[in-house]
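Notes follow the structure.
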Amino acid sequence: MKALLLSAVMLLPLASAQRATPAASAPVLSLSAPVGTQVEYQTTTSRTAVSNVQVTALPGSDTSAEELADIKRNLSAGTAGAGNVTVKEKLFYRVTGQDAGGNVTLVSSVVQSVPGQPPMTFRITQTVARDGAVSGLKFESDNAALNAAFAGLDGQKLQELASQSNASLAGVYGRPLVQGQPRPQTATLDVTGLLSGLLGAFASQADLPQLFGQIQSTPLRVTTITTYGGPNAQGLHTFTQSSKYDRWQVKLGGSGALPAMNIELAGGGASGTQTYRKDGLPGPPTQKTQQTMNMTVVMNGVQVALTMTINQSVTAAMR
């Protein structure tokens, strides 16, 4: 679920315009599209490879060697198709409101279709003032688990989540567009509350107090460098961006039907471009993301350890 959330959020506006030294002649990106304006894009592929599957019996377990072999064989068979999974997404950007003060409300949506699962919709609502200030940040989904997680986050945590995943519009509008000056930015997200909400949606009420006390997570830290490259051949403002993820780890002691888990993000990064139209609406993005995650699961006296390599390639085209 964490990977699904980050995958969806990362499809939303990719770049944050650099806070370069203002220049008198530099243009300023503004959101001027009238209410009701909408653009739609379609994106492509996500691939996940699972390797190094190890299944062992814990001390005191009566699991036989044959049972361990069966578990490993079933896991290997179940993950064999994960190495080439095509995930279809539709991206929507729609101006839904503008007040007398010129504050514009923009809703960014992703509809994600994973083979064998019902489509999931993920939405972010933000209001942009004339000077580029952003307010009214709201996360929504048709997935009950995600909504339960978002409901438990205050405004600051939501902003951290948006900033970490490059979905925040703060710093995009109202800033001079100066070419060639890289802007580094580091975002740190405490994901404990988010994970508690997600896992709590799947746990019984009796298990919740114990479950929340068992989640241990290090902060998720992402360093991003954004550079404005000027208009492209289609006249779209173009930003290039590269991100690096620090090591991240989460532990769950296990409660009720939930197993004990240890997940570690061993490394990863992302690179891509984000474009903006003359009226300020986001244009087609491109993005490549690579992550390596080590996972250990303990349940019923058996420990399963595996490595996941997530390579996501996103290319959007106008619908």
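Across the stretch 269-276, coupling constants 3J(HN,Hα) worked out from phi with the 6.51/-1.76/1.60 Karplus curve, θ = phi - 60°, read x, 8, 8, x, 9, 10, 10, 10 Hz, and Gly and Pro carry x. Working note: Karplus 6.51/-1.76/1.60 with θ = phi - 60° gives the stretch 298-309 the couplings 10, 7, 6, x, 10, 10, 10, 10, 8, 10, 10, 10 Hz, where Gly and Pro are set to x.
Listed here are the pairs Lys88/Lys251; Lys72/Lys157; Lys88/Lys244; Lys72/Lys244; which of them are more than 29 Å apart at the Cα? Those over the limit are Lys88/Lys251; Lys72/Lys157; Lys72/Lys244.
What residues of the stretch 122-164 lie in the reach of a label at Ala100, counting those whose backbone N is under 18 Å from a point 7 Å from the Cα along Cα→Cβ? Answer for this model: 129-130. When Thr240, Thr296, Thr226 are compared by accessible surface with a 1.4 Å probe, the order from highest to lowest is Thr240, Thr296, Thr226.
The values are calculated or read from the model by the stated rules, or taken from the named source; none is laboratory data. Computed from a predicted structure; not experimentally measured. FYI the Cβ positions are ideal-geometry reconstructions off the backbone, even for glycines, and counts take in every protein chain you see. We work out accessible area using only protein heavy atoms, side chains counted, and drop any ligands, DNA or RNA first. Shrake-Rupley method; radii C 1.70, N 1.55, O 1.52, S 1.80 Å.
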